[in-house]
Amino acid sequence: MLRCKYHWLPLAALFCLLATLPAQGADGAAARNVPITGTDLFLRVPQSVIVSPYKSASPSVTTLSVEVEPIQSFHQNGIITRTDVLAQRTALAKGHAKVADTWEEVGLADVITLPTGVNAVIYPFYSAFEICDLRLTLNAAFFVGNCRVTIRYSLPPTAIIAENPIFFGHDQTNCGKASVWKHPGPDLFKRFHEAVKARKLGPAANTWYADFTAILVSMHGKMPDK
């Protein structure tokens, strides 16, 4: 059975890599290797990326986070259970998109094959719980042995809102002056996500998706032996 190096760590010891990214392609010439801690895998990111495991994600900066979670750190009575994660690993091994995450828009997941030969599920997260909570996060999850790796790429919404007003509006009664999704729901998020994938939005959204996919396809290194 494949095992990642951190298969024995408790949940509290998970590594989280946060990086402030400029608006440029992740496969640009000025790039460096960033390790996925606990594995022999690396991502290529720009030299100008500021890496700080102590910096919290902020709505004002673009952030990249990488989490390495041992499967046994998921409990059977948690929000995401060990059974959920094992089912996700089985589905991905068969090429099926399955998400085991609270950061998800249902029905918008896809499967891709990473350069290392394993399948990953990619899925967006656009809103949580209420109309005022606007999020722009692209996620990817895959397995290295007995660990699940989750990559999140979050973008400040200001530029995308300005370039794509058809998707956004205001609810002054509930949200004040903040921009919000215009009639949020499955249809809106689906139309927005399809436009993101087709690069049919403004430059900020197109660069966001291009950078996300470039980071994923830059993955390289050695997978553990069986």
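Figures for the structure shown
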| quantity | calculated |
| --- | --- |
| Selection from region 194-203 of residues that are surrounded by fewer than 20 Cβ atoms within 10 Å (Cβ to Cβ) and in a helix (DSSP H, G or I) | GLU194, ALA195, LYS197, PRO203 |
| Some residue of region 115-134 being more than 30 Å from GLN72 (Cα to Cα), surrounded by 15 or more Cβ atoms within 10 Å (Cβ to Cβ) and β-branched (Val, Ile, Thr) | yes |
| Residue check, GLY117 touching a Pro at 6+ places or on another chain (Cβ under 7 Å), on the phi > 0 side of the Ramachandran plot and either free of Cβ contacts under 8 Å to residues at least 40 places away in the same chain or not hydrophobic (A, V, I, L, M, F, W, C) (or both) | no |
| Some residue of region 166-180 being β-branched (Val, Ile, Thr), at pLDDT below 95, more than 19 Å from the chain's Cα centre (by Cα) and surrounded by fewer than 16 Cβ atoms within 10 Å (Cβ to Cβ) | yes |
| Failed item, numbered, when TYR6 is tested on (1) within 16 Å of GLY145 (Cα to Cα); (2) modelled with pLDDT of 50 or more; (3) assigned to a loop (DSSP other than H, G, I, E, B) | (2) |
| Looking only at region 153-183, and only at residues there that are assigned to a loop (DSSP other than H, G, I, E, B) and touching a residue at least 24 places away in the same chain (Cβ under 8 Å), the one that is farthest from VAL196 (Cα to Cα) | ASP171 |
| Subset of region 207-226 (residues that are in contact (Cβ under 8 Å) with a residue 40 or more places away in the chain and either of a type in the set (Ser, Thr, Tyr) or touching a helix residue (DSSP H, G or I) at 6+ places or on another chain (Cβ under 6 Å) (or both)) | THR207, TYR209, SER218 |
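The values are calculated or read from the model by the stated rules, or taken from the named source; none is laboratory data. Just so we're clear, the structure is a prediction, and the values are computed from it rather than from any experiment. Neighbour counts run over all protein chains shown; Cβ positions are idealised from the backbone, glycine included.
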